[in-house]
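The structure appears below as structure tokens.
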Amino acid sequence: MTALGILYPGHSAEDDYPRMEQLLGSDIRLPLVHTDIGEDAHRVDALLEMGSAARLAAGIEELRLSGAEAVVWACTSGSFVYGWEGAHDQVRALARTAGLPASSTSFAFAHAARELRVRRVAVAATYPDDVAGLFAGFLTDAGLEVVSVSGAGIVTAAEAGTWGEAEVLALAREGDHPDAEAVLIPGTALHTVSHIPALEQALGKPVLTANQVSVWEALRLADRRVNAPDLGALFTKEPIVQV
């Protein structure tokens, strides 16, 4: 049994995680601990506070008691808002506090794109435009070419959590670009896990979503590979041999 610790901000789309446990169909557990988000706002100052070391550290002991082998801060905006170097500092502090390998959803997107050998990506975000632009900047620093960025202007995670398949599909289509090799949908507050096959079929390319890549990243940290076609191209791709 492999336990992968998830630090999740607030309560919006956390039910994506037990669904992923079922879809992984193996000996994977995803113990999830909620962090206190403070003010629910996709605004830079609120996001910096949401991802602060003190807020993340508060949930670490519970994850350690769960037997977690790795921990992922399952929040895109609360990690990329710190910038490339600041996001590295954030996960280093998390790893020191937890005594475990650690990462965040923002890095998960970058690593997942590399796994799929894609370089040109489109961003389809629920965020306001300025916050979506910060995510695009983070991806650029990760070595990806962001060919388009769209933001839906949603300010709160609570509102994003109410969206269903029709809204998510519309978001993905709006954010897609002919030159993009994959579409990235940030925001762990958005329910996406049930919709990934439909999204990829509709767009004809890999679609990476926040909760999906967070779990993939936790598996990567624990050196586990699981084939799960219902979780999209990311979970069916053969491992890339590093040379």
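The values are calculated or read from the model by the stated rules, or taken from the named source; none is laboratory data. Since this is a predicted model, take the numbers as computed values, not measurements. Neighbour counts run over all protein chains shown; Cβ positions are idealised from the backbone, glycine included.
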TODO: Could you figure out which of (1) touching a Phe, Trp or Tyr at 6+ places or on another chain (Cβ under 7 Å); (2) farther than 23 Å from Leu23 by Cα isn't true of Leu184?
DONE: (2)
Open item on the list: Can you tell me which of (1) part of a loop (DSSP other than H, G, I, E, B); (2) of a type outside the set (Ser, Thr, Tyr); (3) buried (at least 19 other Cβ atoms within 10 Å of the Cβ); (4) touching a Lys or Arg at 6+ places or on another chain (Cβ under 8 Å) is the one Gly143 doesn't meet?
Closed with: (3)
Open item on the list: Being among the charged types (D, E, K, R), out of contact with any Ser or Thr (no Cβ under 7 Å at 6 or more places or on another chain), assigned to a helix (DSSP H, G or I) and modelled with pLDDT of 90 or more is the requirement here; does Glu85 meet it?
Closed with: yes
Open item on the list: Looking only at segment 2-11, filter to residues that are out of contact with any strand residue (DSSP E or B) (no Cβ under 6 Å at 6 or more places or on another chain) and surrounded by fewer than 23 Cβ atoms within 10 Å (Cβ to Cβ); which one of those is modelled with the lowest pLDDT?
Closed with: Gly10
- [ ] Output the residue which, of all residues in segment 146-165 that are part of a helix (DSSP H, G or I) and within 21 Å of Ala198 (Cα to Cα), is modelled with the highest pLDDT.
- [x] Glu165
Task: Unique match (being in contact (Cβ under 8 Å) with a residue 60 or more places away in the chain, in a helix (DSSP H, G or I) and either surrounded by fewer than 21 Cβ atoms within 10 Å (Cβ to Cβ) or touching a strand residue (DSSP E or B) at 6+ places or on another chain (Cβ under 9 Å) (or both)) among Val183, Val168, Val131 - done: Val131
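To keep it simple, each residue is scored yes or no on (1) touching a His at 6+ places or on another chain (Cβ under 6 Å); (2) hydrophobic (A, V, I, L, M, F, W, C); (3) in a loop (DSSP other than H, G, I, E, B); (4) surrounded by fewer than 20 Cβ atoms within 10 Å (Cβ to Cβ).
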residue: His191; (1), (2), (3), (4): no, no, yes, no
residue: Glu200; (1), (2), (3), (4): no, no, no, yes
residue: Lys205; (1), (2), (3), (4): no, no, yes, yes
residue: Gln212; (1), (2), (3), (4): no, no, no, no
residue: Val215; (1), (2), (3), (4): no, yes, no, no
residue: Val226; (1), (2), (3), (4): no, yes, yes, yes
Task: Count of residues meeting criterion [closer than 16 Å to Gly187 by Cα and among the hydrophobic types (A, V, I, L, M, F, W, C)] in segment 76-86 - done: 2
TODO: Answer yes or no: is there a residue in segment 100-116 that is in a strand (DSSP E or B), charged (D, E, K, R) and within 22 Å of Asp16 (Cβ to Cβ).
DONE: no
TODO: Would you point out the residue of segment 99-112, among those that are within 12 Å of the chain's Cα centre (by Cα) and among the small types (Gly, Ala, Ser), that is surrounded by the most Cβ atoms within 10 Å (Cβ to Cβ)?
DONE: Ser106
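Every residue, every condition in (1) surrounded by fewer than 24 Cβ atoms within 10 Å (Cβ to Cβ); (2) under 23 Å from Ala172 (Cβ atoms); (3) touching a Lys or Arg at 6+ places or on another chain (Cβ under 7 Å); (4) in contact (Cβ under 8 Å) with a residue 40 or more places away in the chain, yes or no:
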{"site": "Ala46", "(1), (2), (3), (4)": "yes, no, no, no"}
{"site": "Arg55", "(1), (2), (3), (4)": "yes, no, no, no"}
{"site": "Ala68", "(1), (2), (3), (4)": "no, no, no, yes"}
{"site": "Val71", "(1), (2), (3), (4)": "no, no, no, yes"}
{"site": "Gly86", "(1), (2), (3), (4)": "yes, no, no, no"}
{"site": "Arg114", "(1), (2), (3), (4)": "yes, yes, no, yes"}
{"site": "Ala125", "(1), (2), (3), (4)": "no, yes, no, yes"}
